[in-house]
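In what follows, a single structure is set out as structure tokens and then discussed.
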Number of protein chains: 2
Amino acid sequence: MPKLSERGSEMPASPIRKLVPYAEAAKKRGVKVYHLNIGQPDIKTPEFAMEVLRNTSIKTAEYTHSAGNESYRKGLAEYYKNIGIDVDFNDILVTTGGSEAIIFAFLVCLNPGDEVIIPEPFYTNYNGFAIQAGVKIVPIRSSIEEDFALPAISEFEKLINPRTKAIMVCNPNNPTGYLYSKSELKQLGDLVLKHKLFLFADEVYREFCYDGLEHFSAMQLEGLEENAVLFDSVSKRYSECGVRIGALVSRNKNIMQSALKYAQARLSPPLFGQIVGEASLQVGKDYFEEVYDEYISRRNYVISALNKIPGVYAPMPKGAFYTILSLPVKDAEHFCIWLLNEYQYENETVMFAPASGFYSSPDAGKNEVRIAYVLKIEDLKRSVLILEKALESYKKIF
Amino acid sequence: MPKLSERGSEMPASPIRKLVPYAEAAKKRGVKVYHLNIGQPDIKTPEFAMEVLRNTSIKTAEYTHSAGNESYRKGLAEYYKNIGIDVDFNDILVTTGGSEAIIFAFLVCLNPGDEVIIPEPFYTNYNGFAIQAGVKIVPIRSSIEEDFALPAISEFEKLINPRTKAIMVCNPNNPTGYLYSKSELKQLGDLVLKHKLFLFADEVYREFCYDGLEHFSAMQLEGLEENAVLFDSVSKRYSECGVRIGALVSRNKNIMQSALKYAQARLSPPLFGQIVGEASLQVGKDYFEEVYDEYISRRNYVISALNKIPGVYAPMPKGAFYTILSLPVKDAEHFCIWLLNEYQYENETVMFAPASGFYSSPDAGKNEVRIAYVLKIEDLKRSVLILEKALESYKKIF
């Protein structure tokens, strides 16, 4: 029997997915599970964009340009200009989800074995993309005590070595909800210039910034034309996770030229997703305001309610729709499994993502979980109540 | 300025795309260009499938299961059973085009630096996928003199070494149009069993087999459950290139489990493409018969007409919609550029793909070009006439 590759047999399963069988078993037992573990928003895709898709007159579903339809790229360039990011449509490559943008950047900018520094906790799928591209993620710790602010630049410098090629941030951050400030971005900009590194910025949650704070993009940093690379996606912005449309954006012509060659090998990003994405550029401010108001009220409710539970601390997220909370338990994964496997309150329970999976350092985040506040307030209320009751019971047993 | 990676700066551009600027310049001069260089069929996507898309009642375009919608995978399993490939829906992973299926298989089965043997000429984008996965393609020569039949097994054995992990065939073949026989497949099956290798089979042109010949799949080989891996796509079958839906199919559970982890990292294949692909499973035989009749008449016309041109030899393709022809010129790439740059016949010219780009060995296929006979007969007639006239002129100049 032929042997699989090491990256085949050793690719770690997502720590969140480890819990899925327990959730399924709970459902089979008739227990209702509130999913605070995933970021699938229940917000509707803009009806206008769906209408455009329904009215398509396409007879042959042909390949599009490998970089994406030019009309869509020009529309995207307008969108970016309107939010203060001055790019040309040639600086934009339409990708199959934000995922592909990250993979292309890893391939084009890093040799196998090269390193990218990422503040942890970070989005777990970065691990998969790094394994796929053969590059090494070097974590730098951000901590719940500082509400997950950017680690000190001196800490970054300790990690930089000749194999370091890039620093990557997710802003606003999944999983922490932290929004990096203009000043933090500037510090990162100076750092990458000093060490001739790339600055990768995953800004797919850009539209979700709260409390009057404005998003400052890595693409707005001056003098970083050759260094800054933006990853984007329509998934969360317009609640279009399934269309698989993202973008790789950079003013560095060499990056764009090389990425295009990888894009050409896979021929074309999805045609129908581009149609929906392009139509979504037309949605008005009212769409975002409605979404915004919904998330703000969910956030305000859930963070305040969580912090009232004894022993629980949840920083106030300034962006995205996640937060990481610390729980009065030793092993949050054990608690999460117990919640699904053994616990129920009035025949209901709740599913969290153990935060250890978002840390690369062993033993980090052991008492933390990530929540996505994408459920309606009524369900969030129920979830917080269940958590409170569950913690009381858990304390008595373990 | 930070430096790109080697695989970023050295990724070769597709040899076909090298000619695109010349074609664009010709069009700017007002010269009509017949595109025999690309495989974008002018056949319509099944109207029924487009209707299903137009009638979608989806409100939120959510992620699908990372392995693809279960209903689609079950439908695909039925489709395979009907063509003699007995697989369960768990043996199927829906991918973003056939491209992603190949990349996943390379990642899961081969370590960086491992080798896959592929008969050349082969589909050029295999090179891009190999660079992306860090694996090495070892070419084995098939020749126009033998109409691109499978090279002798003894030739394969000369190339097998401890780093060899797989043999890959495209059947029916792009770019040669060759259809591997059951006997050739069995020889390959014995070979991979003997050396404990994987057998990768790209069978996206399965529906296009001519002259009463039946397609025999690598998945039909007995005793190869752990070795055989199928790459599939709806792109050519239903003329749905833009939907980006393919499949990775294997009975090897370890491969499927590992590939799923890569699939989970990129979250989901395209939602709308899956809707169109699943609906297309319902199209009747009449769709394929119509398409089939169209291709047969195109093939019969073009191959016979080409072989009447002095010095031209085109093997009769038994499948797909490509053939490679040898021309009475020393450097087919020079001829192809000249056709676009300097030649015109009644204000028209024709674009071919120089075949050297489909060979991995240097200097192979220098006097050959690939054509795709995806144009209507009227255009093919014009193209053959232009080629004949052009060869006469070219001979006088060079």
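Please treat every number below as a calculation from the coordinates, not as lab data. Computed from a predicted model, the values in this text were never measured in an experiment. Please note: Cβ atoms are built from the backbone with ideal geometry, for glycine as well, and neighbour counts cover all protein chains shown.
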Counting Lys and Arg as +1 and Asp and Glu as -1, what is the net charge of the other residues whose Cβ lies under 12 Å from the Cβ of A:S361? 0
Segments A:19-27, A:34-42 sorted - mean Cβ within 10 Å per residue, highest first: A:34-42, A:19-27
Roughly how many whole Å is it from the C-alpha centroid of segment A:297-359 to that of segment B:1-60? 47 Å
Exposure proxy check: A:E155, B:E368 ranked by fewest other beta carbons within 10 Å? A:E155, B:E368
Which residue fluctuates the most in chain B, going by a Gaussian network model with Cα springs under 10 Å, if the choices are B:Y63, B:Y205, B:Y180? B:Y63
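Given the -39500 (n - 2.57) contribution per DSSP H run of 4+ residues, what per-residue ellipticity at 222 nm results for the protein assembly as shown, rounded to the nearest 500 deg cm²/dmol?
For the protein assembly as shown, the value works out to -12000 deg cm²/dmol.
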Quick query: amide H of B:A353 versus all other amide H atoms, modeled in the peptide plane; which residues come in under 5 Å with a sequence gap of 5 or more or a different chain? B:R370
Testing the spin-label approximation: label points 7 Å from Cα along Cα→Cβ at A:K330 and B:E346. State their distance in nm. 8.8 nm
Arrange B:T95, B:T64 by Cβ neighbour counts within 10 Å, fewest through most, would you? B:T64, B:T95
For A:D88, net neighbour charge (Lys/Arg +1, Asp/Glu -1) across residues whose Cβ lies under 10 Å away: +2
Using a ≥ b ≥ c from the Cα gyration tensor of segment A:20-116 (square roots of the eigenvalues), is it rounded, prolate or oblate, where a/c under 1.5 gives rounded and otherwise the larger of a/b and b/c decides, a/b for prolate? oblate
Using Cβ counts within 10 Å as a stand-in for footprinting exposure, how do A:T56, A:T45 rank, fewest first? A:T56, A:T45
Count, for each residue of B:97-110, the Cβ atoms from other chains sitting within 10 Å of its Cβ, then give me the mean as a whole number. 4
Run the quick spin-label model on A:R54 and B:L213: label points 7 Å from Cα toward the beta carbon, then report their separation in nm to one decimal. 4.7 nm
Please list, in chain and number order, the residues 5+ apart from B:F198 or on another chain whose amide H is under 5 Å from its amide H, with Hs placed from the backbone. B:A166, B:I167
B:P328 label points, 7 Å along Cα→Cβ, one per copy: pairwise distances from this copy to the rest in nm, shortest first? 9.3
J(HN,Hα) series, segment B:147-160, from Karplus relation 6.51 cos²θ - 1.76 cosθ + 1.60, nearest Hz, glycine and proline x: 6, 6, 5, 4, x, 4, 4, 4, 5, 4, 4, 5, 8, 6
With a cut-off of 8 Å between alpha carbons and a minimum separation of six or more residues, what is the relative contact order of chain B in percent? 25 percent
7 Å along Cα→Cβ for the label point: how many nanometres lie between A:I153 and each equivalent label in the other copies, listed shortest first? 6.7
Give me the inter-chain shielding for B:221-227: mean count of other chain Cβ atoms within 10 Å, whole number please. 1
Within a Cβ distance under 13 Å of A:N307, other residues only, what is the Lys/Arg minus Asp/Glu net charge? 0
Flagged as over-length at 25 Å C-alpha distance, from B:K81/B:K285; A:K236/A:K261; A:K285/A:K318; A:K186/A:K285; B:K165/B:K330, the pairs are A:K236/A:K261; A:K186/A:K285; B:K165/B:K330
Quick query: amide H of A:V33 versus all other amide H atoms, modeled in the peptide plane; which residues come in under 5 Å with a sequence gap of 5 or more or a different chain? A:T349
For the B:D88, B:K27 Cβ pair and Förster radius 51 Å, calculated FRET efficiency rounded to 0.05 is 0.55
Can you list, shortest first and in nm, the gaps between the label point of A:D88 and those of its counterparts in the other copies, using a point 7 Å from Cα in the C-beta direction? 5.5
